[in-house]
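What follows is one structure encoded as structure tokens, with my remarks underneath.
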Amino acid sequence: MQPYSNNSRKKTVSEIVDTKKKGDKLVVLTAYDFSIASIIDKNDIDIILVGDSAGMVMLGYPNTRPVNMAEMLLFCRAVSNATNKAMISVDMPFGSYQKNIDEAISNAVKLIKAGADSVKVEGGEEIFDRIKAIVDVGIPVMGHIGYKPQTSSMWNFSKAAGKTKESALKLLHDAKVIEKAGAFSIVLEMITTEVAEIITKNISIPTIGIGSGPACDGQVLVTYDMLGINQDFKPKFVKKYLDLNHLIATSVQTYSRDVKSGAFPSNDNIIHMDTKQYEEFLNEYGLRASK
């Protein structure tokens, strides 16, 4: 982890919550490694989310369920080593908080020790006691309702939430329960914009939307999606700010051609030995310089 610096100060929970009162928008992006986190942290980002989406983006898993604590701890440490300003919130992976309260607290503590500033859990009323217990030991918690990648696909095929009155009422209820449990913010994923707006207006903690419309107090995107690295994943809610997939592919092709043609490395890319030292080296063994 980076040494403490008096010149750097992380975003605090109170500052994150105050953005809602001020009417400012929270800006959130994902990061899973040191290099990307370093770039993000040097810019105007409030929260870096070390999402369990790392399992899909970095490890090639088909969904987030296989991700384990050891993997999240590794991603967390990498991001923490690069981050001085943004709050780091880390997903607690599936199975790390469902079993019982003691295990939930223990795993949350492990993430904080690895560099997290807060943890994120998926679910509403059913995990009220987990959220409250983690908050009660002094660890900030970010909630997550709507489409819940860890479990939603096992229950239905529709990702969008809040399309019916019953669904809308359940979402609002869960948001209020999460607020009561002590969470400092809630991610709203794939919730209809109307319901997301009602939730945002009826709770005191910030909502962070992903595919849930502009009324949320903030927005989060997976950085790899926003940069256009993953060409196969094109959800409606993602705005691609760069086609990095094309740029990387073009660079790789150019590199391959340069190596095969001998254009790389050129004289600009090599290290030369001192001429006198080189001559002495050759004379020592009776060698001849290559032409």
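The values are calculated or read from the model by the stated rules, or taken from the named source; none is laboratory data. Please read all numbers here as calculations on a predicted model, not as lab measurements. Note: ideal-geometry Cβ built from the backbone for every residue, glycine included; neighbour counts use all protein chains shown.
Within the stretch 155-206, the residues that satisfy the criterion of being outside any helix (DSSP H, G or I), over 26 Å from GLY138 (Cβ atoms) and not hydrophobic (A, V, I, L, M, F, W, C) are ASN156, SER158, LYS159, GLY162, LYS163, THR164, GLU189, THR192, ASN202. Inspect all residues belonging to the stretch 32-41 and state whether any of them is within 12 Å of the chain's Cα centre (by Cα), surrounded by 16 or more Cβ atoms within 10 Å (Cβ to Cβ), within 24 Å of ILE186 (Cβ to Cβ) and aliphatic (A, V, I, L, M). Checking the stretch 32-41: at least one residue is within 12 Å of the chain's Cα centre (by Cα), surrounded by 16 or more Cβ atoms within 10 Å (Cβ to Cβ), within 24 Å of ILE186 (Cβ to Cβ) and aliphatic (A, V, I, L, M). Meeting the requirement of 2 or more residues that are modelled with pLDDT of 95 or more and touching a Pro at 6+ places or on another chain (Cβ under 7 Å), the helices (runs of 4 or more DSSP H) wholly within the stretch 1-66 are 13-22.
Before we move on, is ASN107 in contact (Cβ under 8 Å) with a residue 12 or more places away in the chain and either closer than 20 Å to LEU188 by Cα or not in a loop (DSSP other than H, G, I, E, B) (or both)? Outline the logic, then answer.
Numbers: in contact (Cβ under 8 Å) with a residue 12 or more places away in the chain: yes; either closer than 20 Å to LEU188 by Cα or not in a loop (DSSP other than H, G, I, E, B) (or both): yes.
For ASN107, the condition - in contact (Cβ under 8 Å) with a residue 12 or more places away in the chain and either closer than 20 Å to LEU188 by Cα or not in a loop (DSSP other than H, G, I, E, B) (or both) - is met.
GLY209 is checked against (1) touching a helix residue (DSSP H, G or I) at 6+ places or on another chain (Cβ under 7 Å); (2) more than 30 Å from LYS163 (Cβ to Cβ); (3) of a type outside the set (Ser, Thr, Tyr); (4) outside any loop (DSSP other than H, G, I, E, B) and fails just one. What number does that condition carry? Failed condition: (2). Within this structure, ASN63 passes the test of being polar (S, T, N, Q) and either without any contact (Cβ under 8 Å) to a residue 60 or more places away in the chain or within 21 Å of TYR147 (Cα to Cα) (or both). Scanning the stretch 110-133 for residues that are outside any strand (DSSP E or B), touching a residue at least 60 places away in the same chain (Cβ under 8 Å) and surrounded by 23 or more Cβ atoms within 10 Å (Cβ to Cβ) gives a single hit, ALA116. Within the stretch 134-153, being at negative phi, surrounded by 21 or more Cβ atoms within 10 Å (Cβ to Cβ) and outside any loop (DSSP other than H, G, I, E, B) holds for ILE134, VAL141, MET142, GLY143, HIS144, ILE145. For the stretch 212-241, what are the residues that are among the β-branched types (Val, Ile, Thr) and assigned to a strand (DSSP E or B)? Result: VAL220, single match. Evaluation of ILE39 against the conditions (1) in contact (Cβ under 8 Å) with a residue 24 or more places away in the chain; (2) more than 30 Å from SER153 (Cβ to Cβ) shows that the sole unmet condition is (1).
Going by what's in this entry, would THR83 be described as buried (at least 16 other Cβ atoms within 10 Å of the Cβ), closer than 23 Å to PRO214 by Cα, of a type in the set (S, T, N, Q) and in contact with a strand residue (DSSP E or B) (Cβ under 8 Å, 6 or more places away or on another chain)? Criteria not met by THR83.
Pairs, please: C-beta under 8 Å, at least 6 apart or cross-chain, first residue surrounded by 10 or more Cβ atoms within 10 Å (Cβ to Cβ) and in the stretch 260-289, second among the basic types (Lys, Arg) and at pLDDT 95 or above? So the pair list comes out as ALA263/ARG257. Scanning the stretch 192-206 for residues that are in contact (Cβ under 8 Å) with a residue 24 or more places away in the chain, surrounded by fewer than 20 Cβ atoms within 10 Å (Cβ to Cβ) and not acidic (Asp, Glu) yields ILE198, ASN202, SER204. The residues of the stretch 154-179 that are surrounded by fewer than 21 Cβ atoms within 10 Å (Cβ to Cβ) and farther than 22 Å from LYS236 by Cβ, listed by number, are MET154, LYS165, GLU166, LEU169, LYS170, LEU172, HIS173, LYS176, VAL177, GLU179. Please verify whether the stretch 207-227 includes one or more residues that are within 20 Å of LEU49 (Cβ to Cβ), buried (at least 17 other Cβ atoms within 10 Å of the Cβ) and charged (D, E, K, R). So far as the stretch 207-227 goes, yes, one or more of its residues are within 20 Å of LEU49 (Cβ to Cβ), buried (at least 17 other Cβ atoms within 10 Å of the Cβ) and charged (D, E, K, R).
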